[in-house]
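Down below is the structure, laid out as structure tokens.
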Amino acid sequence: MDGERTDNRALIGLSGADAPGFLQGLVTNDLRPLGAGEGIVWTALLTPQGKYLVDFFVVNTGGRWLIDVKDSFAPGLLKRLAMYRLRADVQLAPETMAVTRGLGPPPPGALADPRHAALGWRRYGGPEGADPAIDWDAIRVAHVIPETGIELIPDETYILEAGFEALHGVDFRKGCYVGQEVTARMKHKTDLRKGLVRVRIEGQAEPGAEILAGDRPAGHLFTRSGDQALAHLRLDRATGEMRAGQARLWLGE
């Protein structure tokens, strides 16, 4: 078992008679399966215009509901949830238990990361385990998995362009949620013109660098691992060699 404590996460406890239904009407994914017992769902909160605000896990540890979110995004998420709460019987409070994630055989109480099998498991509370220095960025790049605040940019990213459907972060049958109309409209387009993809890269370029196809803007570069990187691209312009900073890029393996 390889596991490590994740220090950049914050936990918010969720309680009250209206809590599950309250979240269900706000987020992109269907939380109803969690009502049956232990489980974990990855989801996001959007603006009314369908743009990404924050992604997080909703966890049922066996009667105890938690929100697992990147720590720097937790204050904003709490503020927005409080705004939506109105008179609902919902209580939100910070939790202090450790968040551990790892690869290999899961320890007791661990839950499989719902985004992709390559991301292993997550556990809430219990022993923290050893630190095997797992290269999570390499895993994310290999499987085109966006990260909060890096590839997922508040008030800018559209979740379908970031791969949420393939990563089980959105449900098109659950009913209404904030930003649902725009997301559904994008889903039913013939093709998305932009998207998060893996590119081959040679040379140096800073994260966030603009990518050019010839003299035309084609997108931006994000996380890099070796000679592979994640990029958000206009797919109609990513047909040959591109440049970012001093680097050359190509779409595909």
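Can you report the number of residues in the stretch 168-207 which are within 20 Å of residue 55 (Cα to Cα) and in a helix (DSSP H, G or I)? Counting residues in the stretch 168-207 that are within 20 Å of residue 55 (Cα to Cα) and in a helix (DSSP H, G or I) gives 7.
Taking the stretch 85-167 and the strands (runs of 3 or more DSSP E) fully enclosed by it, the elements with 2 or more residues that are open to solvent by less than 30 Å² (accessible area, probe 1.4 Å) are at 99-103, 121-124. Across the stretch 43-54, what is the total count of residues that are in contact with a Ser or Thr (Cβ under 9 Å, 6 or more places away or on another chain), of a type outside the set (A, V, I, L, M, F, W, C) and surrounded by fewer than 24 Cβ atoms within 10 Å (Cβ to Cβ)? Of the residues in that region, 2 qualify. Has the stretch 96-104 got at least one residue that is of a type in the set (Lys, Arg) and in contact with a Gly (Cβ under 7 Å, 6 or more places away or on another chain)? So far as the stretch 96-104 goes, yes, one or more of its residues are of a type in the set (Lys, Arg) and in contact with a Gly (Cβ under 7 Å, 6 or more places away or on another chain). Residues in the stretch 224-246 that are at pLDDT 95 or above and buried (at least 20 other Cβ atoms within 10 Å of the Cβ): 224, 229, 230, 231, 232, 233, 242, 244. May I ask you to list the residues in the stretch 169-193 that are of a type outside the set (A, V, I, L, M) and open to solvent by less than 90 Å² (accessible area, probe 1.4 Å)? Result: 169, 171, 172, 174, 175, 177, 179, 180, 183, 187. Residue 76 meets all of the listed conditions (1) modelled with pLDDT of 95 or more; (2) part of a loop (DSSP other than H, G, I, E, B); (3) more than 13 Å from the chain's Cα centre (by Cα) but one, namely (2). Residues that are more than 15 Å from residue 94 (Cα to Cα) and surrounded by fewer than 19 Cβ atoms within 10 Å (Cβ to Cβ) within the stretch 55-72 comprise 61, 62, 63, listed in sequence order. The single condition among (1) surrounded by fewer than 14 Cβ atoms within 10 Å (Cβ to Cβ); (2) touching a Pro at 6+ places or on another chain (Cβ under 9 Å); (3) modelled with pLDDT of 95 or more that residue 35 does not satisfy is (3).
Residues in the stretch 194-213 that are over 14 Å from residue 141 (Cβ atoms) and open to solvent by 70 Å² or more (accessible area, probe 1.4 Å): 194, 202, 204, 206, 210.
The values are calculated or read from the model by the stated rules, or taken from the named source; none is laboratory data. Please read these numbers as outputs of a predicted model, since none were measured by experiment. So basically every Cβ, Gly included, is an ideal-geometry build from the backbone, and we count neighbours across all protein chains shown. When the accessible area is computed, the model is the full protein with side chains, heavy atoms only, and any ligands, DNA or RNA have been set aside. Shrake-Rupley method; radii C 1.70, N 1.55, O 1.52, S 1.80 Å.
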